[in-house]
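A quick write-up on the structure given underneath.
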Amino acid sequence: MPPSSTTFAQTFDDVSDVHGWMTEAQAQRLWDRASELSAPARIVEIGSYQGRSAIVFGRAAPAGVEVIAIDPHAGNDRGPQQLDGAPDEGQSDHEAFLANLAAAGVDDRIRHVRQPSQEAHDDVPGEIDLIYIDGAHRYAPARDDIRDWGARVKDGGTLLIHDSFSSIGVTLALITQLFFSGRYRYVGRSGSMTEYRRQRLDLQERLRNAGQQAAQLPWFLRNVLIKGLIVAHLGRLTRYLGHREPTWPF
């Protein structure tokens, strides 16, 4: 059980004003996987932005479960079409992150590592029970996060990835690292948040696993088309694809 009596509904209401990209169903998936753990388990989050998902982990994780948030808050890779940014934007995000954790009462539950994920391995020794990857969405850094941090998840542990089958870079990383992997079983997704379980798969299981992930590609192509229409200032046409929000699908 979480260390307090705070419910998921209350937590999601509390993070509604924290800037970020996470639906209620995605937050519920984070909450459920975190609350299943027991001490001395470890949760690692890559890409915290202003703390929306970190607060969910901090509230959901039982006492004694370590929660580590990795984000350099450098001003780049801050969100859709925000690959580049100024250091002062990153510092502003960092200050908002700390303030949001404090306001939610979880600042003492979360250890922040202010480093790029590829440089943070020495700051997080040992195995990981649950990892949530929502870092840079370009192919190379997404691939490296999935490959290098995913290799540190213990058997039976959970890998969660945001913007799967929505971001081109993340989806290419999934295809190269996880579609035919014999180490991770695809569990399902909530919107663009996919869940994988670390376990060994035989050849038949690997083929079935690849097929289940490939079945998500039509949804990916839809999302790419929606993004293209929004960039072309034709967002009004996205309603014909079932998308009625002004933001990118996630």
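Just a few scattered comments:
- Mean residue ellipticity (222 nm) of the chain, computed from DSSP H runs ≥ 4 via -39,500 (n - 2.57), nearest 500: -11000 deg cm²/dmol
- Selection from GLN26, TYR49, ALA96 lying farthest towards where the dipole of the chain points positive, charges on Cβ: GLN26
- Local electrostatic count, ARG198, Cβ distance below 13 Å [Lys/Arg +1, Asp/Glu -1]: +3
- Cα-projected label distance for ALA232 with GLN199, points at 7 Å along beta-carbon direction, nm: 4.4 nm
- Between the labelled values [x] 1.12; [y] 0.98; [z] 1.05, the entry that holds Cα Rg over 2.2 N^0.38 Å as derived from this structure is [y].
- Placing +1 on the Cβ of every Lys and Arg and -1 on the Cβ of every Asp and Glu, with nothing else charged, gives the range 107-250 a dipole about its Cα centre of roughly 700 debye.
- Counting only DSSP beta bridges with both residues in the chain, the antiparallel share comes to about 35 percent.
- Here the dipole of the range 8-215 is about 1020 debye; that uses its Cα centre as origin and unit charges on the Cβ of Lys and Arg (positive) and Asp and Glu (negative).
- Inter-probe distance in nm under a simple model that places probes 7 Å from Cα toward Cβ, at THR7 and ALA103: 2.2 nm
- For the range 195-208, putting each phi into the Karplus relation 6.51 cos²θ - 1.76 cosθ + 1.60 with θ = phi - 60° gives couplings of 10, 10, 10, 6, 6, 7, 10, 7, 4, 4, 5, 5, 5, 5 Hz, in residue order, rounded to whole numbers and with x for Gly and Pro.
- Summed side-chain charge close to PHE57 - residues other than PHE57 whose Cβ falls under 15 Å, Lys, Arg +1, Asp, Glu -1: -4
- For TYR132, the residues whose amide H sits under 5 Å from its own are VAL44, GLU45, ILE46, LEU160, ignoring neighbours fewer than 5 places away on the same chain, with H placed 1.01 Å from N.
- Exposed loop sites, defined as trypsin sites (Lys or Arg not before Pro) outside DSSP H, G, I, E and B with at most 11 other Cβ atoms within 10 Å, are absent from the longest region of the chain, namely 1-199.
- Positive minus negative residues near ILE128 (Lys, Arg vs Asp, Glu; Cβ under 10 Å): +1
- Normalising the Debye intensity of the range 12-157 to I(0), with uniform scatterers on Cα atoms only, and taking log10 at q = 0.15, 0.18, 0.19 Å⁻¹ returns -0.72, -1.07, -1.20.
- Kirkwood Rh in Å, taken over all unlike Cα pairs in the range 155-246: 14.1 Å
- Amide hydrogen neighbours beyond the local backbone of VAL187, cut-off 5 Å, H modeled: GLU195, TYR196, ARG197
Here, each number is a calculation from the coordinates, and none is a lab measurement. Not measured: the values here are computed from a predicted model. Reconstructed Cβ throughout: ideal geometry from the backbone, glycine too, with neighbour counts over all protein chains shown.
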